[in-house]
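Undergrad: Okay, here's the structure, questions in a sec.
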Amino acid sequence: MIALDNVKVRYGVRVALTGVSTTLSERRIAIIGDNGSGKSTFARLLNGLIIPTVGRVSVLGLDTARDGAQVRRRVGFVFQNPESQLVMPTVAEDLAFGLKAHGVPAGERAARVEATLQQLGASALRDRACAELSGGEKQLVALAGALVLAPDILICDEPTAMLDLRRARTFMKVLAGLPQQVIVVTHHVDLLAGFERAILLAEGRVVEDGGAADVIARYVAASA
Amino acid sequence: MMRAVYTPGDSSVHRVSAAAKLAFLAATAVAVAAGGPNALVVVAVIVAAAWVRAGIGARPLFQSLRPMAAILIAIFLAQVWLRDVPGAALLVAKLAVLVAVAALVSATTKVSDMLETLERVLAPLRRVGVNAEHVAFLTVLAIRFVPALFRIGAEVREAQRARGLERSPVAAIVPMLIRALREGDDVAEALAARGWAPR
């Protein structure tokens, strides 16, 4: 479970997020809102990439300000642009990179890479060059890079923003089948079928929080 | 400038250790740089034979030579002006062969194997406070960024051509720098999220 207690984030004089207190325990949670509303800041708080200026974020009992490295071992993160996330030339090497960074012995890495690619139906990509993959394949490999570390929670920041509608749907179907708690920041509100809860942000504040269908319907109506 | 990436295979060239291939790369660089036309011919024949043996096709070679073509032509013309045609041809041939050797090594060696070799080679430097793991990884990361920089450069040039600014170096360099720095920040954030952190 994730708990945010009176969280405020400030970049210089600009307040990106303020007055956020909530607990996140549902299996599928969507974070929605307009550009600049604080969604990406919210997502980065959840694995300690951003530390609150005021308040506290607790993930599975760990304080993100104090135990950032431990938090990131338990919380996987998929970014909007997979280009930034893929650091090694081939898919298998990229997945093994994360395992090495976490101190997984060399003998175990190949088996875990293979198992993760199989889980995502992506075994055929194992020896492909990351630079030559399509956008959808790159995002799938970025997801595999997070999942190979066996996280308890997965955070995705606009994972479908660079994908066409068909690949975006495929990606969201893959997310739907994962056993982990999944928190997705997205503009693609039409792809959130099956999500239990949605949090709507505006100007750095939580303005709606409730059942996903209701919150999304009100957001879409207000945006029309 | 290397753009060739690992081409999977099980040839005898693929099976040679990364350490041996890196040593071969260093030895051929010295032989080609210090030797004359005879040394160049010997290295070229060895590389051509190894290339055929590796069974990786000509694509990695073209991927590596194509971005170098303009630079090689410029060097050739400058050398013709400064020296003579045979001298210019020899220098350009040496550079082309060195690119081919590097392309052969990168196309038949996994980067992860190179990384582990570099870590082993740099390990003694730990005694003087150098983190071998980080130096090796940053070397690999620099190689990884080469195609990304080519992509950014191509996108920026296309955008500036669309605005009629193809003759303005500032219009190309400034957005390229900004995008490269931003991509660097994004990669740093992604590395932190994946558990890689300075120790």
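Undergrad: Do we find a residue being small (Gly, Ala, Ser) and under 16 Å from the mean Cα position of the chain (by Cα) anywhere in segment B:36-52?
TA: no
Undergrad: A further question on this structure: Kindly evaluate residue A:159 against the criterion of being in contact with a Leu (Cβ under 9 Å, 6 or more places away or on another chain), modelled with pLDDT of 90 or more and not in a helix (DSSP H, G or I).
TA: It is true that residue A:159 is in contact with a Leu (Cβ under 9 Å, 6 or more places away or on another chain), modelled with pLDDT of 90 or more and not in a helix (DSSP H, G or I).
Undergrad: List pairs: first in segment A:23-42 and surrounded by fewer than 19 Cβ atoms within 10 Å (Cβ to Cβ), second among the basic types (Lys, Arg), Cβ under 6 Å, 6+ apart or cross-chain?
TA: A:26/A:197
Undergrad: Among A:220, A:215, A:141, A:185, which is farther than 20 Å from residue A:80 by Cβ and surrounded by 19 or more Cβ atoms within 10 Å (Cβ to Cβ)?
TA: A:215
Table: residues versus (1) in contact (Cβ under 8 Å) with a residue 12 or more places away in the chain; (2) hydrophobic (A, V, I, L, M, F, W, C); (3) more than 21 Å from residue B:147 (Cα to Cα).
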| site | (1), (2), (3) |
| --- | --- |
| A:114 | yes, no, yes |
| A:119 | yes, no, yes |
| A:122 | yes, yes, yes |
| A:125 | yes, yes, no |
| A:132 | no, no, no |
| A:137 | yes, no, no |
| A:141 | yes, yes, no |
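Undergrad: Looking at B:132, B:148, B:142 in this structure, which one is closer than 17 Å to residue B:196 by Cα and in contact with an Asp or Glu (Cβ under 7 Å, 6 or more places away or on another chain)?
TA: B:132 is the lone residue from the list that is closer than 17 Å to residue B:196 by Cα and in contact with an Asp or Glu (Cβ under 7 Å, 6 or more places away or on another chain).
Undergrad: Also: Checking residue A:58 against (1) at pLDDT 95 or above; (2) not in a strand (DSSP E or B), which single condition isn't satisfied?
TA: If we test residue A:58 against (1) at pLDDT 95 or above; (2) not in a strand (DSSP E or B), just (2) comes out false.
Undergrad: Can I ask one more? Is it the case that some residue within segment B:164-187 is more than 14 Å from chain A (Cβ to nearest Cβ), touching a residue at least 12 places away in the same chain (Cβ under 8 Å), β-branched (Val, Ile, Thr) and buried (at least 16 other Cβ atoms within 10 Å of the Cβ)?
TA: No; the residues of segment B:164-187 include none that is more than 14 Å from chain A (Cβ to nearest Cβ), touching a residue at least 12 places away in the same chain (Cβ under 8 Å), β-branched (Val, Ile, Thr) and buried (at least 16 other Cβ atoms within 10 Å of the Cβ).
Undergrad: Could I ask something else about it? Which is surrounded by 12 or more Cβ atoms within 10 Å (Cβ to Cβ) and farther than 20 Å from residue B:110 by Cβ, of B:78, B:23?
TA: B:78
Undergrad: Please list, ordered by residue number, the helices (runs of 4 or more DSSP H) wholly in segment B:1-89 having 1 or more residues that are among the β-branched types (Val, Ile, Thr).
TA: In segment B:1-89, the matching helices (runs of 4 or more DSSP H) lie at B:12-15, B:18-34, B:37-54, B:69-82.
Undergrad: Considering (1) aromatic (Phe, Trp, Tyr); (2) out of contact with any helix residue (DSSP H, G or I) (no Cβ under 8 Å at 6 or more places or on another chain); (3) under 23 Å from residue B:122 (Cα atoms), say which one residue B:62 fails and leave the rest.
TA: The one condition residue B:62 does not meet is (3).
Undergrad: Let me ask something additional. Consider residue A:93 against the criteria (1) in contact with a helix residue (DSSP H, G or I) (Cβ under 7 Å, 6 or more places away or on another chain); (2) surrounded by fewer than 23 Cβ atoms within 10 Å (Cβ to Cβ): it satisfies all of them except one. Which criterion is unmet?
TA: The single condition residue A:93 does not satisfy is (2).
Undergrad: Give segment A:105-138 a look and list any residue that's in a loop (DSSP other than H, G, I, E, B), within 12 Å of chain B (Cβ to nearest Cβ) and crowded, with 16+ Cβ neighbours inside 10 Å, or say none.
TA: Passing the criteria: A:126, A:128, A:133.
Undergrad: Shifting gears a bit: What number of residues within segment A:65-93 are without any contact (Cβ under 8 Å) to a residue 24 or more places away in the chain, aliphatic (A, V, I, L, M) and more than 8 Å from chain B (Cβ to nearest Cβ)?
TA: Here the count works out to 1.
Undergrad: Would you pick out the residues in segment B:49-61 that are surrounded by 14 or more Cβ atoms within 10 Å (Cβ to Cβ) and either touching a residue at least 60 places away in the same chain (Cβ under 8 Å) or of a type in the set (A, V, I, L, M, F, W, C) (or both)?
TA: B:50, B:51, B:54, B:56, B:61
Undergrad: Out of A:45, A:17, A:62, report the one residue that is touching a strand residue (DSSP E or B) at 6+ places or on another chain (Cβ under 6 Å) and away from chain B (no Cβ under 14 Å).
TA: Checking each option against the conditions leaves just A:17.
Undergrad: Among the residues that make up segment A:145-159, is at least one of them more than 14 Å from chain B (Cβ to nearest Cβ) and either in contact with a Gly (Cβ under 8 Å, 6 or more places away or on another chain) or among the polar types (S, T, N, Q) (or both)?
TA: no
Undergrad: Counting just the residues of segment B:104-148 that are of a type in the set (Ser, Thr, Tyr) and either more than 9 Å from chain A (Cβ to nearest Cβ) or farther than 17 Å from residue A:94 by Cβ (or both), which one comes out surrounded by the most Cβ atoms within 10 Å (Cβ to Cβ)?
TA: Going through the qualifying residues, I end up with B:108.
The values are calculated or read from the model by the stated rules, or taken from the named source; none is laboratory data. Note that the coordinates shown come from a computational prediction; the quantities given were computed from them, not determined experimentally. Virtual Cβ from ideal backbone geometry, glycine too; neighbours counted across all protein chains shown.
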